[in-house]
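Here the structure is laid out as structure tokens; the discussion comes afterwards.
Where a number appears in this text, it was derived from the coordinates with a stated rule and is not lab data. In this text the structure is predicted, and so the values were computed from the model without any measurement.
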Amino acid sequence: MVAAAALGSAVRMSAARVAGLCAAGLLAAAPVTRAELFYLIVGGLGGEALYDEAFTAQTESLAEAALRTVGEESRVAVLAGADASRDALRASLAELAEQTGEADSLAVFLVGHGSYDGAQYKFNLPGPDIDGNELGELLAAVPARTQLIVNATSASGAVLEDWSAENRTVITATRSGAERNATRFAEHWAEALSTDESDLDKNGMITAQEAFDYASRKVADSYETEGTLATEHPQLAGDTAARFDVARLTARVADTPRMQALIDELVGLEGQIAELRLRRDELPIEDYQTRLQGLLVQLALVQQQIDEAGAQ
């Protein structure tokens, strides 16, 4: 969490220190691209009242966390109940393929039942199910360069390898298609995006790695407490999880036009920082550090203005 620690230090800089770094010309090194985060949350078919209620609650909790994080309904697509059909899922992913650009990020959460017949995984939906191959192709068609795909269904481990790709983190509730019992992972994944217990560095943001570690631990603890054999073993593939900020714990509230403008500027800078962090391995180390420092300085300056405006 080196970048997160640096971010916290920058935000606490004095006005004089910020002014000095600005004068040194570091701001000119910051990239201008604004990366935005989009969500797609799908609650699949329960099949009976107990599961219908659980999947609905989990989907709603995840949707609340997503909206709290980005603050814009236009970037949070939710399919649940009868609306979570195969055609609706196809249409949502097609819309995301049109709506997002390469600099953007995408987080997809699949909640519900899955099945695996030894050859093909299927996500259970009202009406015809959708298979893992088609879902993988639809996800690949979305141009957002950085993706987080969380498949919290039973048998989800069957797609772990097939869905893995460069700049994509794939999380599954099970380690293989053979783990077919209803999972507990979705419940704890939803919890992870809304509790400070999962925020290990206490920066107010939850990374995909932090959320995965929290949910995996809670799943294991639940079986140990019951004294039963675990029927699911969550898995993570990909190297961007520690740098993918998937949820914000506290929503930002703008009560004046000036505060809204400052928050918009702050969000834009955070998006640039997130994009840069995800590209860390692609850049020369000196270039990366110079760009990051420039962005952190700008972020500190805007955060200071927000703090001052809030105190008035």
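Structure values in brief
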{"quantity": "Between helix 86-99 and the chain: long-axis angle, C-alpha atoms, 0 to 90°, nearest 10", "calculated": "20 degrees"}
{"quantity": "Candidates 154, 194, 164, ranked by Gaussian network fluctuation over the chain, Cα under 10 Å, top entry", "calculated": "164"}
{"quantity": "Cα gyration tensor shape for the chain, rounded if a/c is under 1.5, else prolate or oblate", "calculated": "prolate"}
{"quantity": "Choice from 258, 180, 277 with maximal GNM fluctuation in the chain (Cα, 10 Å cutoff)", "calculated": "258"}
{"quantity": "Residue with peak Gaussian network fluctuation, the chain [Cα springs, cutoff 10 Å], from 261, 119, 152", "calculated": "119"}
{"quantity": "Sequence-distant residues sharing a close amide H with residue 177 (under 5 Å, placed H)", "calculated": "158"}
{"quantity": "Amide H contacts of residue 44 (H built 1.01 Å from N, under 5 Å, at least 5 apart or other chain)", "calculated": "111, 112, 113"}
{"quantity": "Residue-wise HN-Hα coupling along the range 136-153, computed from phi with Karplus coefficients 6.51, -1.76, 1.60 (Hz; x: Gly, Pro)", "calculated": "x, 5, 5, 5, 5, 7, 7, x, 3, 5, 9, 10, 10, 10, 10, 9, 9, 8"}
{"quantity": "Other-chain or far-sequence residues with amide H under 5 Å of residue 107's (modelled H)", "calculated": "38, 39, 40, 148"}
{"quantity": "Note, ³J(HN,Hα) from phi for the range 55-63, Karplus 6.51, -1.76, 1.60, rounded to Hz, x at Gly and Pro", "calculated": "5, 5, 4, 5, 5, 5, 5, 5, 5"}
